1. Just wondering, is there one or more residues in segment 109-122 that are without any contact (Cβ under 8 Å) to a residue 24 or more places away in the chain, out of contact with any strand residue (DSSP E or B) (no Cβ under 8 Å at 6 or more places or on another chain), in a helix (DSSP H, G or I) and more than 14 Å from the ligand (Cβ to nearest atom)?
2. Tell me yes or no: at least one residue of segment 174-181 is under 14 Å from residue 237 (Cβ atoms) and either touching a strand residue (DSSP E or B) at 6+ places or on another chain (Cβ under 6 Å) or surrounded by 19 or more Cβ atoms within 10 Å (Cβ to Cβ) (or both).
3. Can you work out which of the residues in segment 164-179 that are closer than 17 Å to residue 42 by Cα and assigned to a loop (DSSP other than H, G, I, E, B) is farthest from the ligand (Cβ to nearest atom)?
4. Show the residue pairs meeting these rules: Cβ distance below 8 Å; 6+ apart or different chains; first residue within segment 152-165 and without any contact (Cβ under 8 Å) to a residue 60 or more places away in the chain and over 19 Å from residue 27 (Cα atoms); second residue more than 10 Å from the ligand (Cβ to nearest atom) and not in a helix (DSSP H, G or I).
5. What tally of residues in segment 130-163 results from selecting those that are surrounded by 20 or more Cβ atoms within 10 Å (Cβ to Cβ), in a loop (DSSP other than H, G, I, E, B) and more than 14 Å from the ligand (Cβ to nearest atom)?
6. Is it the case that some residue within segment 201-218 is free of Cβ contacts under 8 Å to residues at least 24 places away in the same chain, surrounded by fewer than 16 Cβ atoms within 10 Å (Cβ to Cβ) and part of a loop (DSSP other than H, G, I, E, B)?
Ligand SMILES: C[S@@+](CC[C@H](N)C(=O)[O-])C[C@H]1O[C@@H](n2cnc3c(N)ncnc32)[C@H](O)[C@@H]1O
């Protein structure tokens, strides 16, 4: 099956792709494995959601007690405001509620709150969710949703692909804990990379084998092979979770060979017998594969961007990145006024690189 890409979805201004339940479950379990109290006593906000479509609300509501949540809030975006329009029909759930209002249903966002056992069956779950219309359309940037952000401890969602930068900035401005889905291309965005470098943002546990499948809403054309006819799911490449919640995998150091052993035994022909090239214009060596990072090299190393998924902050520090937007990430490796933002090896450009150095 071919891949769609978040960038393509972003360019097509289609934000209506929904996350699968087991992907959410798998990701949340990684934080609970590390710290079972990650969510205990916390208010979790799921903006850009809609319980009628989304598994985020379902997952958190069904695990409200196990997670020890204090409060769960999710908000949905009005059908009329969505960039990608599909024929709108209020759900039976909404229509059967006393507060249903045909004048508001497609133009207002909704807020869903879970904070206690409403139906008196002794458990707090999905059936205890209360909802009402928001004053506005549920735009995360609105004053009312921003007030909910301020109330929350942790913000979790798959945000609109077209607004990823703005969404992250909105969270970071309030200094909140977060777990959000985005494209790996965002790693070198000027709004993202400085946070990675300062260890204020890292990659989450990740999708199974790095593949993310989302449920599309509406009927549209896909390039052949992108949409699985059997499951109806669309495969996205390059998708990851971005977070500042800690998990165990990021503290597992990479097992690596020394420089001498790499030269002797590396499975990569570029390294075996040859060693590492030094960039023409950066004071660093070129390491074209993550598994070829020499464990004992003391200086700066340029490594593929996929390294980030294996990054252990106790093992390496991140110094900079090539091809990142803006020139702010050189950390002295090259001159910030230089027009060259790519490292060169014998006059040829290397691929996009992160620059790292081992910690003692
Ligand atoms: C990628 S979908 C993900 C939905 C859901 N969180 C999930 O993963 O299953 C993003 C959602 O954000 C909504 N959205 C788009 N722009 C928004 C905005 N400015 N404020 C709030 N939500 C928005 C879209 O309509 C869409 O439902």
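Every number in this text was worked out from the coordinates using simple rules, so none of it is lab data. A quick note: this is a predicted structure, and the numbers were derived from the prediction, not measured. All Cβ positions, even for glycine, are placed from backbone atoms using ideal geometry, and neighbour counts span all protein chains on display.
1. No, there is no match, as no residue in segment 109-122 is without any contact (Cβ under 8 Å) to a residue 24 or more places away in the chain, out of contact with any strand residue (DSSP E or B) (no Cβ under 8 Å at 6 or more places or on another chain), in a helix (DSSP H, G or I) and more than 14 Å from the ligand (Cβ to nearest atom).
2. Going through segment 174-181, the residues under 14 Å from residue 237 (Cβ atoms) turn out to be 181.
Imposing the further condition that a residue be either touching a strand residue (DSSP E or B) at 6+ places or on another chain (Cβ under 6 Å) or surrounded by 19 or more Cβ atoms within 10 Å (Cβ to Cβ) (or both) reduces the set to 181.
The answer is yes; a qualifying residue exists.
3. Of segment 164-179, the ones closer than 17 Å to residue 42 by Cα are 171, 174-179.
Then keep just the ones that are assigned to a loop (DSSP other than H, G, I, E, B); that gives 174-176.
Values: 174: 16, 175: 20, 176: 16 Å.
Step by step, filter segment 164-179, then rank; the result is 175.
4. From residues that are without any contact (Cβ under 8 Å) to a residue 60 or more places away in the chain and over 19 Å from residue 27 (Cα atoms), the pairs are 165/189; 165/191; 165/192.
5. Residues meeting the conditions: 1.
6. No, that holds for no residue.
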